[in-house]
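To start, the structure under review is shown below, and the notes come after it.
The values are calculated or read from the model by the stated rules, or taken from the named source; none is laboratory data. These figures come from a predicted structure and were not determined experimentally. Cβ placement follows ideal geometry from the backbone for every residue including glycine, while neighbour counts extend to all protein chains displayed. Ligands, DNA and RNA are stripped out before the accessible areas are found, and what is left, the full protein with its side chains, is counted by its heavy atoms. Shrake-Rupley method; radii C 1.70, N 1.55, O 1.52, S 1.80 Å.
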Amino acid sequence: MARNIRHGHSGGRGVPASPTYTSWRAMKQRVDKTKSGIKQGYDDVTMCNEWRDFDTFLEDLGERPSKSHTLDRVDNTKGYIKGNVKWSTKEEQGRNKSNNVMIEGLTLVEWCEARSWRYGTVWSWLRRSNHSVETIKEKGELKWAKDQILNE
């Protein structure tokens, strides 16, 4: 039986599926498993009906830019819908998690990077030692003054 392949992404007969198609299929499987009651540790995840068709998905999002990019929902409380999904690197996705610590409108990682401070140390001060943000600012300035080399 011949398959009707319009987009050339689905592979077959020894040809692997494209990275874009693989990501789309993984998104569909996650949504379908959620709908069937298999939660996989996630809340209910939905997908717009238009994206059940790969061609429409491809037209809306384009091809996966690189191996390091995967699908990312901009607002994690919403499903896979047009305008809420983009291609992101793992680093970008890590900054879009609902459990991120936010300080002055930045994730803790971004806040530390802006000061050239070590994230792990600042996270430990905040979470393990229960220091306030003001105390952390004071400690950070003492530990990593702008004219000092970051050594620990």
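Which GluC sites (Glu not before Pro) in the stretch 70-117 sit in a loop by DSSP (not H, G, I, E or B) and have at most 12 other Cβ atoms within 10 Å of their own Cβ?
Details: sites: Glu91, Glu92, Glu104, Glu110, Glu113; in loops: Glu104.
Sparse-neighbourhood loop GluC sites (Glu not before Pro): Glu104.
Thr135 accessible area, nearest 10 Å², 1.4 Å probe?
The accessible area comes out at roughly 50 Å².
What are the extents of the Cα atoms of the stretch 64-134 along their three principal axes, in Å, largest first?
Sorted from largest, the Cα extents of the stretch 64-134 read 41, 25, 18 Å.
Ala17 versus Asn49, label points 7 Å from Cα toward the beta carbon: distance in nm?
Using points 7 Å along Cα→Cβ, the separation is 2.3 nm.
Going 7 Å from the Cα of Ser98 in the Cα-to-Cβ direction, what parts of the stretch 71-92 have a backbone nitrogen less than 17 Å from that spot?
72-81, 84-85
Which order do you get for Ile103, Ile81 if you rank them by accessible area with a 1.4 Å probe, largest at the top?
Numbers: Ile103 10, Ile81 60 Å².
My answer, sorted largest first, is Ile81, Ile103.
Which FRET efficiency value, to the nearest 0.05, is calculated for Asn84 and Lys28 with the Förster distance at 22 angstrom and r the Cβ-Cβ distance?
Values: r = 16 Å, r/R0 = 0.72.
Given R0 = 22 Å and the Cβ-Cβ separation, E is 0.85.
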